[in-house]
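Step one of this worksheet: look at the structure below.
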Amino acid sequence: MRLRRPSLRACLKGGLFGLLLASVLLLAPVAYVEVACRGDAGPRAFRPLITDPAWQRREANTYLTYPEWHIVFAYDGLAQALRTGDEHAFDYAPSIRAFWTSTCALMQVADAHGGADGATRGMIHTIGVSFTAEMALKGLYEETIGRATAWIRGPRKTPQDLAVAAMAADYAAFLRQTPWYAYPFRRGAGQLWNAPVDGVIRGWERRFGIGVELLAKSAYAVLIGHAAAAAPAELTIRSVVAGLDAAVLARMPEVTVIGPRGDGTEIETPRYARFTAILADLARRGGTILEIAGNDEVMVTLTRPADTTVPMPFGAVILRLPRQGFPSERLLVNVPVPELASLLNEYSLADPGVEHVFDY
């Protein structure tokens with residue numbers, strides 16, 4: 001019996017159907033978050049010491065910053081998985097599920113703190129869809145072709161495996177202070193290609209498979225970078241600190257004293273990972289953080305061994321999440337800003353310990 005080749009029209013219809021199905025699957029979590037993840041609005045009784053609107057931030061954004069950092073933490077987990085194993089050991093599907101689960105919960109919490117504006121919701125959904133597509137495609141590839149070439153290779157990693165693992169660790173560290181689209185993906189592809197091939201098929205597969213991924217990310221990063229340049233992120237933030245003289249604050253690295261504010265001193269500092277380290281330094285020196293960017297509540301993530309039942313002495317736990325790649329869990333904790341210094345003195349900036357203070 002002679003088999004008939006599918007017509008071009010049939011191929012196009014199949015391709016369009018597949019594209020439509022993929023789009024529906026990618027956008028389904030967005031629709032769910034928009035419809036089902038709503039909370040009750042709460043009163044805003046706090047009177048901020050920082051009154052300049054240019055330095056005030058929406059309190060809701062301390063919770064809505066987490067989805068972007070979930071991606072940072074996912075790459076931490078992938079880098080950790082590559083220290084002892086291969087890419088197929090990482091939990092791609094659970095990482096996607098945790099992104100949308102946490103986003104849903106935090107959208108509801110944010111509604112009680114002023115809610116998310118349209119631009120913030122759109123940004124979260126955009127990075128969520130991108131992250132879902134990336135993790136799904138990477139997981140599909142690594143669970144099939146990647147797993148097969150790793151099995152053929154055996155336990156000894158190739159130079160390409162080592163180059164990918166080193167790049168994953170570097171990328172995870174890079175993301176803690178710098179936007180992902182600024183990473184030199186093309187240089188990473190070059191390093192991967194320049195690593196010597198020892199004749200094992202795994203080396204060639206890593207060269208082409210991961211190399212294509214890096215070049216695709218490089219092209220996408222250029223597009224996102226141009227879009228981000230139109231609305232650059234604020235790189236500094238202002239806080240009010242008590243318990244330390246202005247002269248002491250002025251001598252601290254990366255701290256600029258603005259002047260007295262209420263019972264404390266207003267300071268300006270960098271944001272992101274550096275902000276967490278500076279706050280911990282302030283706490284160790286005996287300072288108390290009274291306010292951050294006009295807000296009196298902030299979210300903090302803590303890491304600790306899984307299934308720990310010791311209650312939190314500060315703040316309230318919003319959500320507990322397993323950490324992909326690590327035998328521990330992540331706690332998302334809502335903390336009154338005046339209690340933040342006590343929490344930072346209770347836990348070290350280590351693992352387990354304080355992972356990140358989410359600014360606005």
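Summing +1 for each Lys or Arg and -1 for each Asp or Glu, what net charge is found among the other residues whose Cβ lies under 12 Å from the Cβ of residue 283?
Once all neighbours under 12 Å are counted, the net charge is -1.
If Lys and Arg each add +1 and Asp and Glu each add -1, what is the summed charge of the other residues whose beta carbon sits under 12 Å from the beta carbon of residue 237? Could you put the intermediate results ahead of the total?
Values: positive: 57, 238, 271, 274; negative: 234, 254, 266, 268, 291, 359.
Residues near residue 237 contribute -2 overall.
Under 13 Å from the Cβ of residue 62, count the other residues' Cβ atoms, weight Lys and Arg +1, Asp and Glu -1, and hand me the total. Can you show the working numbers first?
Details: positive: 57, 58, 271; negative: 59, 68, 291, 296, 297, 359.
Taking every Cβ under 13 Å from that of residue 62, the sum is -3.
Using a Förster radius of 30 Å, what is the FRET efficiency between residue 263 and residue 32 based on their Cβ-Cβ separation? Nearest 0.05, please.
The formula returns an efficiency of 0.10 here.
Within the chain, what's the longest run with no GluC sites (Glu not before Pro) in a DSSP loop and at most 16 other beta-carbon atoms within 10 Å? Give the range, please.
That gives 1-233 as the longest site-free run.
Report, please, the projected area of region 208-292 averaged over directions, based on the convex hull of its C-alpha atoms, in nm².
Mean projected area for region 208-292: 7.8 nm², to one decimal.
Relative contact order (percent) for the chain, with alpha-carbon contacts under 8 angstrom and 6 or more residues of separation?
Relative contact order, the chain: 20 percent.
Taking the Cα atoms only, what angle lies between the long axis of helix 92-111 and the longest principal axis of the chain, rounded to 10 degrees?
Value to nearest ten degrees: 30.
Could you work out what % of the accessible surface of the chain is carbon and sulfur, using a 1.4 angstrom probe and leaving DNA, RNA and ligands out of the count?
It is 62 percent, rounded to a whole number.
Under a point spin-label approximation (7 Å from Cα along Cα-to-Cβ), what is the residue 308-residue 274 distance to one decimal in nm?
2.9 nm
In whole Å and largest first, what semi-axes does the C-alpha gyration tensor of region 76-168 yield when each eigenvalue is scaled by 5 and square-rooted?
35, 12, 11
Could you tell me which of 335, 214, 74 has its Cα farthest along the dipole of the chain towards the positive end, charges placed at Cβ (Lys, Arg +1; Asp, Glu -1), taken about the Cα centre?
So the residue we want is 214.
If I stretch the segment between residue 104 and residue 281 completely, what's the gain in nm (0.36 nm per residue apart, minus their alpha carbon distance), one decimal?
Values: separation 177, 0.36 × 177 = 63.72 nm, distance 3.28 nm.
Result: 60.4 nm gained on full extension.
Enumerate the calculated ³J(HN,Hα) couplings along region 27-34 in order (Karplus 6.51 cos²θ - 1.76 cosθ + 1.60, θ = phi - 60°), each rounded to whole Hz, writing x wherever the residue is Gly or Pro.
8, 4, x, 4, 4, 5, 4, 5
Report Rg(Cα)/(2.2 N^0.38 Å) for the chain, keeping two decimals.
Expressed relative to 2.2 N^0.38 Å, the Cα Rg reads 1.12.
Using 0.36 nm times the number of residues separating residue 348 and residue 170, minus their current alpha carbon distance, what extension gain do you get?
61.8 nm
Using the heavy atoms of the protein chains alone and a 1.4 angstrom probe, what is the accessible area of the chain per residue in square angstrom?
50 Å²
How high is the FRET efficiency from residue 22 to residue 215, r the C-beta distance, R0 25 Å, rounded to 0.05? Don't jump to the answer; show the numbers that get you there.
Details: r = 22 Å, r/R0 = 0.86.
Using R0 = 25 Å, I get an efficiency of 0.70.
Lys/Arg Cβ at +1, Asp/Glu Cβ at -1, dipole of the chain taken about the Cα centre: which of 90, 178, 262 is farthest positive-ward?
Positive-most Cα among the choices belongs to 90.
The values are calculated or read from the model by the stated rules, or taken from the named source; none is laboratory data. Computed from a predicted model, the values in this text were never measured in an experiment. With ideal geometry, Cβ positions are generated from the backbone for all residues, glycine too; neighbour counts draw on all protein chains shown. The area values use the complete protein model at the heavy-atom level, side chains included, leaving out ligands, DNA and RNA. Shrake-Rupley method; radii C 1.70, N 1.55, O 1.52, S 1.80 Å.
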